Amino acid sequence: MQTLDQELHFQSRIDNEEKIEPRDWMPEAYRHTLVRQISQHAHSEVVGMLPEGNWITRAPSLKRKLALLAKVQDEAGHGLYLYAACETLGVERADLIDQLLSGKAKYSSIFNYPTLTWADMGAIGWLVDGAAIMNQVPLCRCSYGPYARAMVRVCKEESFHQRQGYEILLTLCRGTAVQKEMAQDALNRWWWPSLMMFGPNDSDSEHSEQSMKWKIKRISNDDLRQKFVDITVPQAEYLGLTVPDKDLKYNEETGHYEFGKINWDEFWQVVKGHGPCNRERMEARIKAHEDGAWVREAAMAYSEKQKSKNQKVA
Ligand code: BYC
């Protein structure tokens, strides 16, 4: 049973910027919050492979195909580090995956939108990975050691992803009028869903206050969203593209861009499973899981064989 003393000692460790490690005492609610966030994050990485995986066979050149293939493989790796980080909190990976496949677990809303043209590969790298970096760099300072350490490598890889996406769009924008139009269309479709990635406004964010106190989250949803807009709008201008927001304007006094209202009804519809591709994404993950059953069984059989061999030698 947790005592007040234990809780106070725990909070003072957090306040002193100490990292919490798997064997350390932690409140049940802290453990639960981490399992929730890290597993959602892992699921997002894995489901996030699908929209881009869709274009690997149709990449316009060998160079583009290699880069995209490497990027999608990186996302699989991120999923693996994150599932491993989550397991340090005493949960089973198989249970987490069951929660995803049964529709109980959330994953990032952004991956429920379709990838219609090659320019979407550029927009995902630039905007989606760009938003992910903005959110994940502060997570490198998260109070839970295994999550913070996993994020360091993830962020390095995401920055390559962001640059490859921006470079795809730069090439399209310097190409023919039709290619530039394709880039503008991709920006039009991915801009608002990218802003939604940061989660509800702070005033509606159920978990923010406690997560900030525990230093799981370091910067609030709205502050991260604002940082993203401030950095990304000049990048769009450099491409010669127009951000699809008639209310967007730079405020000289604050030094920030003011932007229009986010469609939160759309966000919650997507989060609740009614986005354009939710069903397709889940079907693809379930099929991949079922098709991979023989690999898991073979790995288990091999591990059992090694164990009994080692027992005989001992
Ligand atoms: N989509 O109280 P709040 C990638 C949920 S993948 C869906 O603010 P919190 C990549 C939230 O879970 C990287 N649901 O929550 C991969 C909560 O529901 P529950 C993805 C969302 O946790 C492939 C409820 O709304 N990044 O980079 O304090 C290719 C209330 O929200 C969303 C991460 O996973 C959303 N967008 O803050 C390319 C980052 N937003 O759990 C790229 C890690 C909110 O009560 N996660 N919800 O049922 C986080 O930083 C935080 O969990 C969030 C939300 C900022 C997302």
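With neighbours defined as other Cβ atoms within 10 Å of a residue's Cβ, the residues Met49, Met282 order from fewest to most as Met282, Met49.
The C-alpha atoms of the chain define a longest principal axis, and helix 293-313 lies at about 30 degrees to it. How many angstrom lie between the Cα centre of the range 53-78 and the Cα centre of the range 119-158? Their Cα centres are 18 Å away from one another. Placing unit charges on each Cβ (+1 for Lys and Arg, -1 for Asp and Glu) gives the chain a dipole about its Cα centre, and among His289, Thr176, Thr3 the Cα reaching farthest toward its positive end belongs to His289.
Taken about its Cα centre, the range 40-86 carries a charge dipole of roughly 320 debye when the Cβ of each Lys and Arg holds +1 and the Cβ of each Asp and Glu holds -1. Quotient of the Cα radius of gyration of the chain and 2.2 N^0.38 Å, N being its number of residues: 1.09. Compared with the rule-of-thumb size 2.2 N^0.38 Å for a compact globular protein, the range 201-314 has a Cα radius of gyration ratio of 1.82. Computed about the Cα centre, the dipole magnitude for the chain is approximately 1260 debye when only Lys and Arg (+1) and Asp and Glu (-1) carry charge, each at its Cβ.
Taking the Cα centre of the range 127-177 as reference, the dipole from Cβ charges on Lys and Arg (+1) and Asp and Glu (-1) amounts to some 160 debye. Stretching Thr88 away from Asp202 to a fully extended chain increases their span by 38.1 nm, per 0.36 nm per residue minus the current alpha-carbon distance.
For the range 26-137, the spread of Cα coordinates along the three principal axes comes to 51, 28, 22 Å, biggest extent given first. Between the listed residues Tyr302, Phe267, Ala314, the Cα displaced farthest toward the positive end of the dipole of the range 267-314, a dipole computed from Cβ unit charges relative to the Cα centre, is found at Ala314. Relative to the longest principal axis of the Cα atoms of the chain, the long axis of helix 62-87 makes an angle of roughly 40 degrees.
Sorting Lys312, Lys215 from the fewest to the most surrounding beta carbons within 10 angstrom yields Lys312, Lys215.
Helix 28-47 sits at what angle to the longest principal axis of the chain, using alpha carbons and giving 0 to 90 degrees rounded to 10? For helix 28-47, the angle is close to 50 degrees.
A short reminder: the numbers here are calculations on the coordinates, not readings from a lab. This one's a predicted model, so the numbers in the text were calculated from it and none came from an experiment. No Cβ is skipped: glycine too gets one built from the backbone with ideal geometry, and neighbour counts run over all protein chains shown.
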